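**Q** Mind looking over this structure? Questions follow.
The values are calculated or read from the model by the stated rules, or taken from the named source; none is laboratory data. Remember, predicted model here, so these are calculated numbers, not experimental data. All Cβ positions, even for glycine, are placed from backbone atoms using ideal geometry, and neighbour counts span all protein chains on display. Just so you know, the surface numbers come from the protein's heavy atoms only, side chains and all, with ligands and any DNA or RNA stripped out. Shrake-Rupley method; radii C 1.70, N 1.55, O 1.52, S 1.80 Å.
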Amino acid sequence: MTQDELKQAVAQAAGDYVAKHAPAGSVIGVGTGSTANFFIDVLAGIKHQYRGAVASSEATRMRLESHGITVFDLNDVDHMPVYVDGADEIDGGLNMIKGGGGALTREKIVAAVADTFVCIADTSKRVGTLGSFPLPVEVIPMALAHVSRELAKLGGRPVLRKNFVSDNGNLIIDVHGLRIADPQGLETKINQIAGVVCNGLFALRPANVLLLGTADGVLTIP
Ligand code: 5RP
């Protein structure tokens, strides 16, 4: 199977999960990236069962709207049963690195509101220890140099993402060379650096369910 076929398979499994677990008339949280895009295409087929969606990025909002799915402002939604999103890496505790597409801040906010975070990923994303994928950190532009110095003190090699501005008007630093033994501790520590908006560790609020695309089919973990 190609990687796209694996992504399609997990997107379909996420559609089945939503159909089973999200009550009719509810609002679905939708992530960002190529795997999430496949999920949006699946969601289009069952959209009549739901009130609409909340988007974790402008790109996702546009794709949802192109399918005729109503997109709500998160402030107008008080309950969201399920959030579906991809990941750049996911470990055995369902802690993740996200933000390869630069949407980490809105993804973390939408995920915080949802009852259940369903991560959809192919086997290439499954790791023993997080950190081979550079950790994205969203930063207020005036704090770039300060935050970079602080991230270097934590043992990483900060690299400014070139020609990229987030949906929130901020910059992204990709931190290379981290071996993340304590994902919750590092997520907390990076959040405390002045000028950091958000970091791509999703460990304080990990996924609840992983739908993992493998050559033998989609595994549901745990
Ligand atoms: C975007 C993300 C994505 O979920 C992550 O980058 C995975 O993307 P893809 O499904 O394209 O591999 O966090 O900010």
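**Q** With within 14 Å of the ligand (Cβ to nearest atom) and either open to solvent by 50 Å² or more (accessible area, probe 1.4 Å) or of a type outside the set (Asp, Glu) (or both) as the only criterion, which of Ile69, Ile40, Ile28, Ile46 stands out?
**A** Numbers: Ile69 fails: within 14 Å of the ligand (Cβ to nearest atom); Ile28 fails: within 14 Å of the ligand (Cβ to nearest atom); Ile46 fails: within 14 Å of the ligand (Cβ to nearest atom).
The match here is Ile40.
**Q** I've got another one for you. Mind checking which residues of segment 190-221 are free of Cβ contacts under 8 Å to residues at least 60 places away in the same chain and either farther than 22 Å from Ser166 by Cα or touching an Asp or Glu at 6+ places or on another chain (Cβ under 9 Å) (or both)?
**A** Ile190, Ile193, Ala194, Gly195, Val196, Leu204, Asp216, Leu219
**Q** Right, something else. Would it be correct to say that Ser132 is of a type in the set (Gly, Ala, Ser), touching a strand residue (DSSP E or B) at 6+ places or on another chain (Cβ under 9 Å), open to solvent by 60 Å² or more (accessible area, probe 1.4 Å) and at pLDDT 95 or above?
**A** Answer is yes for this residue.
**Q** Filter segment 101-128 down to residues that are open to solvent by 10 Å² or more (accessible area, probe 1.4 Å), within 21 Å of Leu6 (Cβ to Cβ) and not aliphatic (A, V, I, L, M) and give me whichever is farthest from the chain's Cα centre (by Cα).
**A** Gly128
**Q** Moving on. On the basis of being open to solvent by 50 Å² or more (accessible area, probe 1.4 Å), within 15 Å of the ligand (Cβ to nearest atom) and over 25 Å from Leu204 (Cβ atoms), does Ser34 make the cut?
**A** It is true that Ser34 is open to solvent by 50 Å² or more (accessible area, probe 1.4 Å), within 15 Å of the ligand (Cβ to nearest atom) and over 25 Å from Leu204 (Cβ atoms).
**Q** Let me ask another. What do you reckon, is Val175 farther than 27 Å from Gln3 by Cα and hydrophobic (A, V, I, L, M, F, W, C)?
**A** On the way: farther than 27 Å from Gln3 by Cα: no; hydrophobic (A, V, I, L, M, F, W, C): yes.
Taking the combined requirement at face value, the residue does not satisfy it.
**Q** In segment 204-222, how many are under 18 Å from the mean Cα position of the chain (by Cα) and part of a loop (DSSP other than H, G, I, E, B)?
**A** 5
**Q** Follow-up. For segment 77-100, how many residues are in contact with a Pro (Cβ under 9 Å, 6 or more places away or on another chain) and more than 6 Å from the ligand (Cβ to nearest atom)?
**A** 8
**Q** Identify the residue in segment 101-117 that is part of a loop (DSSP other than H, G, I, E, B) and not hydrophobic (A, V, I, L, M, F, W, C) and, among all such residues, is farthest from the ligand (Cβ to nearest atom).
**A** So the residue we want is Gly102.
**Q** Cβ-Cβ below 6 Å, separation at least six or inter-chain, first residue in segment 1-18 and touching a residue at least 60 places away in the same chain (Cβ under 8 Å) and more than 14 Å from Thr220 (Cα to Cα), second among the basic types (Lys, Arg) and within 15 Å of the ligand (Cβ to nearest atom): which pairs?
**A** Sorted first by the residue in segment 1-18, then by its partner, the list stays empty.
**Q** Among (1) away from the ligand (no atom under 12 Å from the Cβ); (2) β-branched (Val, Ile, Thr); (3) not in a helix (DSSP H, G or I), there is one condition Ile120 misses while meeting the rest; what is its number?
**A** Just one mismatch for Ile120, condition (1).
**Q** Under 11 Å from the mean Cα position of the chain (by Cα) and open to solvent by 10 Å² or more (accessible area, probe 1.4 Å), is that true of Lys98?
**A** No.
**Q** Condition (residue is in a loop (DSSP other than H, G, I, E, B), open to solvent by 60 Å² or more (accessible area, probe 1.4 Å) and farther than 15 Å from Ile90 by Cα) applied to segment 195-203: is it met by at least one residue?
**A** no
**Q** Separate question: If the Cβ limit is 8 Å and pairs must be 6+ apart or interchain, which residue in segment 98-112 that is in contact (Cβ under 8 Å) with a residue 24 or more places away in the chain and more than 10 Å from Pro136 (Cα to Cα) pairs with which residue that is near the ligand (Cβ under 10 Å from one of its atoms) and among the β-branched types (Val, Ile, Thr)?
**A** Arg106/Thr32; Glu107/Thr32
**Q** Just to verify a result, which residue in segment 148-185, among those that are in a helix (DSSP H, G or I) and among the polar types (S, T, N, Q), is nearest to Gly102 (Cα to Cα)?
**A** Checking each candidate, the answer is Ser148.
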